[in-house]
Each structure stands twice: as C-alpha cells, then as structure tokens.
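These notes concern the structure reproduced below.
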Amino acid sequence: MKLAIVGCGAAGATAAQFARKYDRKASIVVFDKEGYGEYSKCALPMVISGELSWNDVIEYSPRWFKNAKIDYRNEEVHKIDFDSKIIEANEEMEYDKIVIATGAMTSIPFKMQGAYTLRNMKDAIEIKKIAEKSKDAIVIGAGLIGLEVAESLMSLGLKVKILEYMPSILPAMVDEDVASYLLKKIDIDVETKCRVKEVYNNIVEADENYEADFVVVATGNKASVEICNKCRIEKGIVVGDDCKAMEDVYAAGDCTQIKDFFGRIMPVGLGSIATRQGMIAGINAAGGNEKLLPPLWAKTTKLFNIEIASVGLMEKDVNIHSKFIGNLLPAYMKGDKILIKLLADEDGVIVGAQAVGNGASLHINKIALAIYKKMKINELARIETTYAPKVAPVFDAVTIASQMIETRMRK
Ligand SMILES: Cc1cc2nc3c(=O)[nH]c(=O)nc-3n(C[C@H](O)[C@H](O)[C@H](O)COP(=O)(O)OP(=O)(O)OC[C@H]3O[C@@H](n4cnc5c(N)ncnc54)[C@H](O)[C@@H]3O)c2cc1C
C-alpha cells in the first residue's frame, strides 16, 4: 500500500505517524512545501518574541521521518489527479490512498498591500526581522493569534495598537463580560468595533486612519483547498468523523470542516483537533476504522501571564449562565482569583464554560468531560473535589458557578 500525505503540519505529520504505527510495511510519502519537518505553529508568537528560536519549535525533523521509514519530501504538490491517483510534485507519483492536510491561510476581508500575516515559520521570521528595526506596529484582529502577536511585539519594546471589528477581544473564545474582565487585567491599546477598509503602505484606513512602522493582519483563516478540486468543499473539505472525503481520499486539519458536538458545521482551525483528525485519517487510510469524537472547541491561551480557556457554546447560543469570580484557595489564604462562567441549556445540561486565571485550562478540561457526558448542572454542583488550605477550597469555583445556576433554575 502506498500512502501519500500532502502537508506536514499537525494533521499531516500525525497522520504519517499513526499510519506507520498501524501498518509497519506501508510505503508512506509526506510532501511538505516548507521543509522544516513538523513544527508547532502555535509557538510562532514565541519565535517572534525571541523566547524560542526557530529550531526550538521543530517537533519532528526531516531526520525523524527518515528514522520512522517515512519518505519525507520537501516538495510542493501542484496537482492531484484523483481519478488516476497521481500526484504532481517535483515529479509524478502514483498512490493507493491519500491524506490531504494542506492547512489554512489568513483570510483577509479587505484590500491589503504590504502588511504581514502569521501562518508559518517564514512569516514569523519576517515579522521578527521587521519588529527588530521598528518602534511601533498595528495588529488587526484581537483573536487568539492577534493578541499573542501583539504581546510578543510589546515584549520587544514596540508600541502596539490593536484594531478589532467585534465589540470585544477574543470574540470567538469568550463572551463580552469575560472579555471586559480580562481587559481590565491586561495593559493593551485596543480599539473595538473598528471596521478596517484597506491597508496600504503601513496605513490602515478605518473610520479614522492609523499608521505605524508595520501592520500585522490576524483576521481569521480560510482552508487551503486549491489542489482538491474533486472533493466536496464548503467552509473546507467536507469530511465525516472517519476523516474520509471520497473513496481512498482522507482529509484532516485546517483544510477541513466537520460537524461538532452541537451539530454545527465548522471549519477546524485548532491544532488540538487537527492532530486528533490526523490520527484518525492516518489510521483509517492505513486500513483502520477509527472515529473522531465531535469537537467541543476547547481552547486556551496565556496572555500577559493570565491563563484564559473556554469550551463549547457561548452566551449568544444559550441563555442560562452564571459567572463566579472567587478565590483559587480558601478565603483565609488570600490566593489569586479565578473567573468561571458556566452555560447550560434549558434542561440544565452543561453546554459551555469560560475561565480566566491560574488553572483555567484544567477547569475547562474537566468541564469538557462533563459536556461530553451530557452532565446536568446539579450533578456538577455536587461532584467531589479536592480540598486542602494550600491547594483548593472545599467548594471550587466550578462547583459554586454550578450552584448559582442550580439556584436560578429552581426559581
Ligand atoms: C500563530 C498561531 C498560533 C496558534 N495557536 C494555537 C493554539 O494555541 N492552540 C491550538 O489548538 N491551535 C493553535 N493554532 C492553530 C493551529 O496551529 C492549526 O490549527 C494547526 O496548525 C492546523 O494543522 P494543519 O496540519 O491542518 O495545518 P498546518 O499546520 O497549516 O499545516 C499544513 C502544512 O501543509 C503545507 N502545504 C500546504 N499546501 C501544500 C502543498 N500543495 N504541497 C506541500 N505542502 C503543502 C503547508 O506548508 C503547511 O506546512 C495557532 C495557529 C497559529 C498560526
């Protein structure tokens, strides 16, 4: 069996690894137009800030693939003939099965000339270079990537202005009230409700004009699907939970769209999901029969030393919620604060949560499990948690936020 994998990001590299584990004898060829092997795109803001060097973020080098008997080729695939099963890269190659894992690119909803985007290593190195000879920058987009880039640039001493179209920061991750709680804790210069019309020569044209030494655009992603003409494409390549796009064709990662836990069709856009899809696509292409659990979109980041995490639905989707800001430790210990926002549907089933503060991500992981298990708020309110003065209070923030919803639903 000859398996071709196009793209060596989180999805493609994981597909190759799991295909190799499943079938020790298969011939596996990975095509990667970048040439670094697999590296963490999520760590690129730290390459810009200089906390990590470009080679620190390489997780699986070309040599690693060689040792795993995977034929890694630093070549761009220009065309796939899905009928004859032929790939066109530096030369033509026949395959039996194929995994498409071509990722995504920045989606730019306005005319842009001369600005930077951050999607790959080359972009990070270029932004770092221009930052080192600049005094100020504009970042368009206050989502996860925009804010991480802004923080990196600020750590290099640049003055950074952030422009965001939505009314609050991290709009796809937390609700407005949680965003404004966070905003009070971080010192950033952000203009919300700002509709950018055009970017040219380091000038950003919006309701007023802004100018800086350079501009970074972080306005979301769109799937890279140019070479997948035969596949069904909507917001990305349409795949099921088995990552199958067509007979003998699998697709995984940011180039795909999937049905999530709540029945919504969503483009992927998260490394955590891309990796899990890569695993499923690799195993299934090698003859297995694995299925992806529908995503809940658990997300986390750390900005200016504050941990933020969220999972599931947001306030626009459901109207039963509670927000608790409490101590991480018993009150007498004077520990740090944590914010927990919980969301439930009309039957009291937990459907979402957001958290800000130390341990946010661990709390969200626990709530993700509760969502998967369709747990009700009154069960979460009663579940046992650890207690010790130096570690955690008897009722932790999640328990109290659950009790708050329970009380509200009883009325
Ligand atoms: C700055 C940044 C921070 C992020 N932070 C997080 C985070 O904290 N948590 C999280 O879960 N997600 C995060 N993400 C998202 C995450 O990186 C992506 O979801 C993940 O990389 C998707 O993996 P992928 O393999 O689908 O695509 P990619 O990682 O984009 O890999 C696709 C690869 O395919 C190659 N390719 C494309 N076309 C061809 C072709 N024709 N021939 C050969 N090669 C080709 C590309 O060069 C690329 O290397 C972040 C993304 C960025 C950019």
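Structure summary
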item	result
Any cysteine of the chain lacking a neighbouring Cys Cβ under 4.7 Å - listed by number	Cys8, Cys42, Cys194, Cys243, Cys255
³J(HN,Hα) computed for each position of segment 97-110 - Karplus, 6.51 cos²θ - 1.76 cosθ + 1.60, integer Hz, glycine/proline x	9, 9, 10, 9, 9, 8, x, 9, 10, 5, 9, 10, x, 8
FRET efficiency, 1/(1 + (r/R0)^6) with R0 25 Å, evaluated for Ser155 and Glu59 via beta carbons	0.60
Relative contact order [Cα under 8 Å, 6+ residues apart], segment 299-410, whole percent	28
Cα-only radius of gyration and Dmax that characterise the chain, units Å	22.7, 71
Relative contact order (%) - criterion: Cα under 8 Å, at least six apart; region: the chain	14
Positive minus negative residues near Trp64 (Lys, Arg vs Asp, Glu; Cβ under 12 Å)	+2
Dipole in debye (nearest 20) - the chain, about Cα centre, beta carbon charges: Lys, Arg +1; Asp, Glu -1	1120
Sequence of Ser310, Ser152, Ser107, Ser168 once ranked by neighbouring C-beta atoms within 10 Å, starting from the fewest	Ser107, Ser168, Ser152, Ser310
Antiparallel bridge percentage (DSSP; both residues within the chain; nearest 5)	60
Dipole of segment 299-410 [Lys/Arg +1, Asp/Glu -1 at C-beta], most positive-end residue of Ala381, Ala397, Asn358	Asn358
Inter-site label distance for Lys316 and Tyr332 at 7 Å from Cα along Cβ, in nm	4.6
CD proxy at 222 nm, helix term only [per DSSP H run n ≥ 4: -39500 (n - 2.57); per residue of the chain; nearest 500]	-7500 deg cm²/dmol
Charge dipole (the chain, unit charges on Cβ, about Cα centre) - positive-most of Ser322, Pro167, Ala212	Ser322
Dipole of segment 98-162, positive direction: furthest Cα of Ile130, Ala104, Gly146, with charges on the beta-carbon	Ile130
For peptides 131-142, 94-105, sequence by mean Cβ density within 10 Å, most packed first	94-105, 131-142
Partners for Lys291 among lysines (Cα-Cα distance below 19 Å; same-chain residues under 8 apart left out)	Lys21, Lys97, Lys244, Lys259, Lys373
Cα-projected label distance for Ile130 with Leu52, points at 7 Å along beta-carbon direction, nm	2.3
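Rule-based calculations on the coordinates, nothing more; no lab input. No experiment lies behind these values; they were computed from the predicted model shown. Methodologically, a virtual Cβ is constructed for each residue, glycine included, from the backbone with ideal geometry; neighbour enumeration extends over all protein chains shown.
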